[in-house]
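The values are calculated or read from the model by the stated rules, or taken from the named source; none is laboratory data. These numbers were taken from a predicted model, which means no experiment stands behind them. For neighbour counting, all protein chains shown are included, and Cβ atoms are generated from backbone atoms with ideal geometry for every residue, glycine included.
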Amino acid sequence: MSVADLTRNAVDVLPEGALEAKLKRGKPLRVKLGIDVTSPDIHVGRGIPLQRMRAFQDEGHKAVLIIGDYTTRIGDPSGRSAERPILSDAEIDANAGRYLEQAKTILLDDPELLEVRYNGEWLSKLTYADVVRLGRIITVARMLERDDFEKRYRAGEPISVSELLYPLMQAYDSVAIEADVELGGTDQLYNLLAGRDVMEAYGLEPQVVLTTPLLLSWDGEKMSSSVGNNIPLTASPEEMFGRTMRIPDSMLADWWRLVAERPVPSADPMEAKLALARFIVARSHGEEAAREAEEHFTRVVRRGEAPEDVPSVVVADDPVYIPGVLQSEFGGTASHWRRVIDQGGVSVGGAAVTAYELPAAELDGQLLQAGKRRYLRLVRV
C-alpha cells in the first residue's frame, strides 16, 4: 500500500514529508485517534478517520484508539458556539462502553494491531503542578486564534478556562501513548497541531497530523448525533438502510468517495444509492443483513406495504382511544397524534381513522398504520 493509499481523502498531512520519513524507518507506527463520548454513537461520518486508521492497520501499524472518558468531562469546544454540557459519570461510562463495539465495525480486532486506551488512565493522575506545566506550553493569544474561540471572544460570549485546557489535555494523550501519527476531522486540526507542540515540549518527536473531511448529512449540515442527522455504525440494518436512502442525489459522489472510498458505480442515482446503503449495512452487520434491509426498504417504503415483523399491541379498553395507543407505542403527545388523525395520517385495516375512539371489536387483529413507516397489530384482550 502506498502513502497515497494511507492518506486517501486526507485534507491535511502535516508537516510535509514527515509521514514518508517515519515510514522509511521500517518500524510499525503508533497511529492515534481519540474519540470523546459525548454521545452514545459513532456515526458514519466519524467513521471516516477510523477508515484511515484501518488502512494503517492493514499495513501492519498499531492503531491506538483513545476513548476520551476523561476529556469528555471537560467537553470538546471544537466548532461550538457555546460550552458543551457536561455529562454525568454514569452517562460517560455508558457511552464509553458502547464505543469499542462500534469502532470494531471498521477496525481490525487484533491485539497486535489495536490498542484501546482510556485517557482517564493518565489525565486523572496529573497533579496541579502538571497542569500548570502544560499550561505554559501554549499562550492564550494562540488559543484565541482558533476560529471558534475567536468568534466567541469577539461576540463577548463566555469561554471557560476548562475549554482552553481541552486542546492541552488531548495533546497530552499523544505524550502518554507516544503517537507517531494522529488522525482527526478537519475541525480537530488545531488540537492535533497542539499535540505536536506538547510532544516536543516533553522531549518527544512530534506526531504527524492527518485530517479527513467532515461528512455532510442529507440536510446539508455536518453529520451529528446531537442533531439526529446521523447513521450510527451499530443502528439496526433497516434504520441504516433507510437513512442512507435519504441522501440527495447531489451528495452521492462525495459519500461514495468518503465512505465507500470508490467512485459512484452507477449513473442511475437510485441504483447508486441502493448500492451505498447495502455497503454501509454490510460493513456493520454482514451481507445477509444488507439483503434483508433492502427487502424491508423495498416492501415498506417503495411499495408502501407493511413490514413482516409488526409488533402486536393488546388493547383492553372499549372503546379504544387511538391517540393514547400511538402515544404509548411511538412517543409524542396525545394532542400530536390527534392532529395526525385529523390530517388523515392514521389508518386501520387500510381505512383512514376519522374518530379518536373506536370499538375494540372492530380493531381485533387489524393493522394500524401511522404515517408511512409505523405499524402495529392490534389485539383485543
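Figures for the structure shown
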quantity: Some residue of region 211-223 being within 19 Å of Leu6 (Cβ to Cβ) and of a type outside the set (Ser, Thr, Tyr); calculated: yes
quantity: From Gly286, Gly344, Gly331, residue being more than 25 Å from the chain's Cα centre (by Cα) and small (Gly, Ala, Ser); calculated: Gly344
quantity: From Ser312, Ser335, Ser347, Ser328, residue being among the hydroxyl-bearing types (Ser, Thr, Tyr) and closer than 13 Å to Gln369 by Cβ; calculated: Ser347
quantity: Wholly enclosed strands (runs of 3 or more DSSP E) of region 306-372 bearing at least 1 residues surrounded by fewer than 12 Cβ atoms within 10 Å (Cβ to Cβ); calculated: 312-315
quantity: Among the candidates Val175, Val181, residue that is of a type in the set (Val, Ile, Thr) and either in contact with a Gly (Cβ under 9 Å, 6 or more places away or on another chain) or not assigned by TED's automatic domain parsing to the domain that holds Ile35 (or both); calculated: Val175
quantity: Region 277-304, residues that are surrounded by 12 or more Cβ atoms within 10 Å (Cβ to Cβ), more than 23 Å from Leu233 (Cβ to Cβ) and not basic (Lys, Arg); calculated: Thr298
quantity: Any pair with Cβ under 7 angstrom, 6 or more apart, that starts in region 340-365 at a residue that is on the phi < 0 side of the Ramachandran plot and ends at one that is hydroxyl-bearing (Ser, Thr, Tyr); calculated: Ile341/Tyr356; Val353/Ser347; Tyr356/Tyr321; Glu357/Tyr321
quantity: Region 260-292, subset acidic (Asp, Glu) and not in a loop (DSSP other than H, G, I, E, B), residue farthest from Pro248 (Cα to Cα); calculated: Glu288
quantity: Selection from region 179-226 of residues that are assigned to a strand (DSSP E or B) and aliphatic (A, V, I, L, M); calculated: Val181, Leu183, Val208, Val209, Leu210, Leu216
quantity: Condition check for Glu157: in the same structural domain as Leu23 (by TED's automatic domain parsing), assigned to a helix (DSSP H, G or I) and either of a type outside the set (Val, Ile, Thr) or over 24 Å from the mean Cα position of the chain (by Cα) (or both); calculated: no
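Residue-by-condition table, conditions (1) of a type outside the set (A, V, I, L, M, F, W, C); (2) surrounded by 14 or more Cβ atoms within 10 Å (Cβ to Cβ); (3) at pLDDT 85 or above:
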| site | (1), (2), (3) |
| --- | --- |
| Lys125 | yes, no, yes |
| Glu157 | yes, no, yes |
| Asn191 | yes, yes, yes |
| Ala194 | no, yes, yes |
